[in-house]
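First the structure, in the form of structure tokens, and then the observations on it.
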Amino acid sequence: MDKQTIESLAAKLTDAVPADLAAGMKGVGEDLKTNFRAVLQSSFEKMELVSREEFEVQRKVLQRTRERLEALEQQLQELDAAAKSDQDGTG
């Protein structure tokens, strides 16, 4: 997860804290934002998230692999059919 996204989420969480709660404590907003940022960063690292770009690359690799597997399965079926035909003709 990129730094900008984490900053944005931390800011939204800080803004969600009721104003009357934060008003009585000077500087609590920045402390909350810092703590939210740290918790978010730690949580996202544990999740081992990938970027959309990396996900799309892997999705395309998987699609090509599936297509190749299907082609190989088709070739195998054709070879099996040819082998069976040869056995029936000579046996």
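The values are calculated or read from the model by the stated rules, or taken from the named source; none is laboratory data. Please read these numbers as outputs of a predicted model, since none were measured by experiment. Please note: Cβ atoms are built from the backbone with ideal geometry, for glycine as well, and neighbour counts cover all protein chains shown.
Quick rundown of the values:
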| quantity | calculated |
| --- | --- |
| Candidates L32, L49, L40 - the one that is in contact (Cβ under 8 Å) with a residue 40 or more places away in the chain, of a type in the set (A, V, I, L, M) and within 18 Å of E7 (Cα to Cα) | L49 |
| Restricting the range 37-91 to residues that are polar (S, T, N, Q), assigned to a helix (DSSP H, G or I) and within 30 Å of A10 (Cβ to Cβ), the residue that is modelled with the highest pLDDT | Q58 |
| Cross-chain or 6+ apart pairs with Cβ under 9 Å, the range 1-21 first and more than 10 Å from R37 (Cα to Cα), then exposed (fewer than 11 other Cβ atoms within 10 Å of the Cβ) and aliphatic (A, V, I, L, M) | M1/M47 |
